[in-house]
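Please treat every number below as a calculation from the coordinates, not as lab data. If you're wondering where the values come from, they're calculated on a predicted model, not measured in any experiment. Virtual Cβ from ideal backbone geometry, glycine too; neighbours counted across all protein chains shown.
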Amino acid sequence: MVVDWQVANNPDATKATIPNPPSAILGGEPSTSAVHTGSHWQPLLPDMYKCNIDAVFSSSLNRTSIGICIRESDGSFVLAKTMTHPCFLSVDVGEALRLHSALQWLSDMQFDNVDFETDSKLTYDTFLSDRNDTFEFGCIISSCLSLFNALFSNSRVKFVRWQANGVAHAHALAREATLLASHAVYYNIPTFIKTLIINEML
């Protein structure tokens, strides 16, 4: 939390020292928070949306929480959602589930023209492959593919490294979700990610 605050209040920071990859594991286990490190918003093509997703895994609370944030091509906030699942999932399953959650939510709202960004290389590679995996992770990815192919005609799933735009606020949403009893949708920019988004757009 201290690092998040420092980065949010220091938009000129070029890099925060973080020892591990972005998926946070909370509750007596290593925390590997993804933190935005001073990069600036890269405009999208007109009429495109960016959807950033992240997950937080809490063994002490027995929860896996997901944060989803949608922004317009100029970086302005559109919608956000937090979700929590009352179970401690493995990291690969949780990362696949976060992509599925984003695809499901946006398809329910009939969104298209979306860049879905994930920092999970495994999720991204499996999504693009033709591998037939009958384990839980593979089944979730197969469902992601079905949703994507059926309901999105002009969208992409992209791999981005954890330092990229949007990771910090998606991560902050996922952390917030661990404190909530149920899913929440934000129609106005939540106060706990407002500074992150504003600094990114400077």
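Points to keep in mind about this one:
- With θ taken as phi - 60° and the Karplus curve 6.51 cos²θ - 1.76 cosθ + 1.60 applied, the whole-hertz 3J(HN,Hα) list for segment 183-192 is 5, 9, 10, 10, 8, 10, 4, x, 4, 7 Hz, x standing for glycine and proline.
- Cα centroid separation, segment 121-145 to segment 41-111: 17 Å.
- The phi-based Karplus calculation (6.51 cos²θ - 1.76 cosθ + 1.60; θ = phi - 60°) puts the 3J(HN,Hα) values of segment 44-55 at 8, 4, x, 6, 9, 10, 10, 10, 9, 9, 8, 9 Hz, whole numbers, x for Gly and Pro.
- Proximity of backbone amide H atoms, modeled 1.01 Å from N, is registered between H183 and T84 at under 5 Å, excluding neighbours fewer than 5 places apart on the same chain.
- Long-range HN-HN contacts of M48 with modeled amide H, under 5 Å: S73
- Computed from label points 7 Å out along Cα-Cβ, the spacing between A184 and D74 is 2.8 nm.
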